[in-house]
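The values are calculated or read from the model by the stated rules, or taken from the named source; none is laboratory data. Since this is a predicted model, take the numbers as computed values, not measurements. In this analysis, Cβ positions are derived from the backbone assuming ideal geometry, glycine residues included, and neighbour counts consider all displayed protein chains.
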Amino acid sequence: MIDFNSLLPKYHQLKEHLKKQISSGEISPGEKLPSETELVGEFRLSRHTVRKAFAELEHEGWIFREQGRGTFCSFRERDRANSIAIITTYISHYIFPYIMRGIERTLSSAGYILILANTWNDVRKETQCLENILDQEIAGLIIEPTKSAESKANREYFSELEKRKIPFLFLHAAYPDIDSAYVVMDDEEGGFMATQYVLQMGHRHIAGIFKEDDLQGVRRKQGFCRAAEEFDCPVPEEYIGNYRTEQLFSFPYQYTRHLLRQEHPPSAIVCYNDEVAINSMEAIRDAGLEVPRDVSVIGYDNSHLAETCLPKLTSINHPKEAMGSRAAELILDMVLGKSDKPRYTYKPELTVRSSCRQLATDVSRG
């Protein structure tokens, strides 16, 4: 409904109301709009006000008139055709600047404008971002879902995108119950590969620290457990630490200290990502121990942290900039009608550095 108590001119409010109906698909291309008389009666406006709104809509290409037949919604490329929205959990933190660089380079070279937003992995902020995006005219959306292992709060917004025929693509994690395009890593295989590596180096007292509110963490943990099972190396439940987004800067450190106080402390710790690994290494040093002499540590993402810490961190590689470029290429294919719901999964690769040491002769799978 239009709030005619606004200070904006009434013709402008009516024009924006009709534009919103057209953008949302409520009024489809080729569909006949209400007549001037109908709008005058519905909104209690003067005929002059309605005519002025129609005149501006026609001038901007939103509608066309046919004498004796009425006013119709235009078949036109709307302004949204050159804007693509990007919603990620973070923009300027950890590996995300590299991902954004790949997205920006690809979309900008194709002549598209980026609309950026981040949620800080907070569901309420994701709701706000999606609402804001739906109020704008966009050609497509790339989104990294927030708390993807838990939240179902914003499913209706993706249904609305589908209804409006706005293509969207998930980054890093895709909901199993939404038929969608995505670009992800095989995180379960990555968790398996990291765990397999320390097991093959002879470690049998191992521990893991994983994020539990994102699907990436859930799947990396699944890979950890699968490797332990295949190598016939059961890991007690108390040697698997699970943390939430809000605990990143406290849990990995405190949990590592807890592990080191056990009667049989782990000789290797498999970490959700490099940030967790750095915190775990700090706890090991503060306990008077050394990496990898006393405890081996392996990370995930092969971030800048893996190369700058001492000792340098063995880590599962994340494609970063290449993933951003791939996501941008696929959303462009969808926008241009070249593809419906493309999907791409990166296979994990291990980058070996010096944070893990050999304990015994390589052990084959059990």
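Side notes on the structure shown:
- Selection from region 19-62 of residues that are under 42 Å from the mean Cα position of the chain (by Cα) and of a type in the set (K, R): K19, K20, K32
- Of V218, V184, V198, all but one fail to be touching a Cys at 6+ places or on another chain (Cβ under 7 Å) and either in a helix (DSSP H, G or I) or farther than 17 Å from G299 by Cβ (or both); the exception is V198.
- Qualifying position, being touching a helix residue (DSSP H, G or I) at 6+ places or on another chain (Cβ under 7 Å) and either assigned to a loop (DSSP other than H, G, I, E, B) or under 19 Å from T89 (Cα atoms) (or both), among A327, A283: A327
- Qualifying position, being more than 26 Å from P167 (Cβ to Cβ) and at pLDDT 90 or above, among S46, S6: S46
- From S296, S267, residue being of a type outside the set (D, E), assigned by TED's automatic domain parsing to the domain that holds P234 and in contact with a Cys (Cβ under 6 Å, 6 or more places away or on another chain): S296
- Criterion: at pLDDT 95 or above, assigned by TED's automatic domain parsing to the domain that holds G324 and in a strand (DSSP E or B) - qualifying residue of L141, L116: L141
- Region 136-160 residues that are closer than 17 Å to L332 by Cα, paired with ones that are of a type in the set (D, E, K, R) and at pLDDT 95 or above (beta carbon under 9 Å, 6 or more apart): I143/E126
- Considered as a group, the residues in region 2-54 that are more than 17 Å from F72 (Cβ to Cβ) and basic (K, R) include one that is surrounded by the fewest Cβ atoms within 10 Å (Cβ to Cβ), and that residue is R44.
- Yes/no for C129 being in a helix (DSSP H, G or I) and under 14 Å from the mean Cα position of the chain (by Cα): yes
- Residue among E230, E246, E290 that alone is assigned by TED's automatic domain parsing to the domain that holds T195, in contact with a Gly (Cβ under 8 Å, 6 or more places away or on another chain) and not aromatic (F, W, Y): E230
- Checklist (1) crowded, with 16+ Cβ neighbours inside 10 Å; (2) over 25 Å from K211 (Cα atoms) applied to L313, failing item: (2)
- Take the conditions (1) at negative phi; (2) of a type outside the set (D, E, K, R); (3) not in a helix (DSSP H, G or I); G288 misses just one of them, which is (1).
- Residues in region 222-233 that are in a helix (DSSP H, G or I), surrounded by fewer than 24 Cβ atoms within 10 Å (Cβ to Cβ), in contact with a helix residue (DSSP H, G or I) (Cβ under 7 Å, 6 or more places away or on another chain) and not aliphatic (A, V, I, L, M): Q222, R226.
- Criterion violated by K211 - all others in (1) modelled with pLDDT under 95; (2) farther than 25 Å from D333 by Cβ; (3) touching a Lys or Arg at 6+ places or on another chain (Cβ under 8 Å); (4) not aromatic (F, W, Y) satisfied: (1)
- The set of residues from region 167-177 being within 17 Å of I331 (Cα to Cα) and either surrounded by fewer than 16 Cβ atoms within 10 Å (Cβ to Cβ) or modelled with pLDDT of 95 or more (or both) comprises P167, F168, L169, F170, L171, H172, A173.
- Among residues of region 85-96 that are under 19 Å from N302 (Cβ atoms) and not assigned by TED's automatic domain parsing to the domain that holds E126, none has a beta-carbon under 8 Å from a residue that is part of a strand (DSSP E or B) and at pLDDT below 95 at least six positions away or on a different chain.
- Only residues that are surrounded by fewer than 22 Cβ atoms within 10 Å (Cβ to Cβ) and not acidic (D, E) were counted in region 183-206, giving 9.
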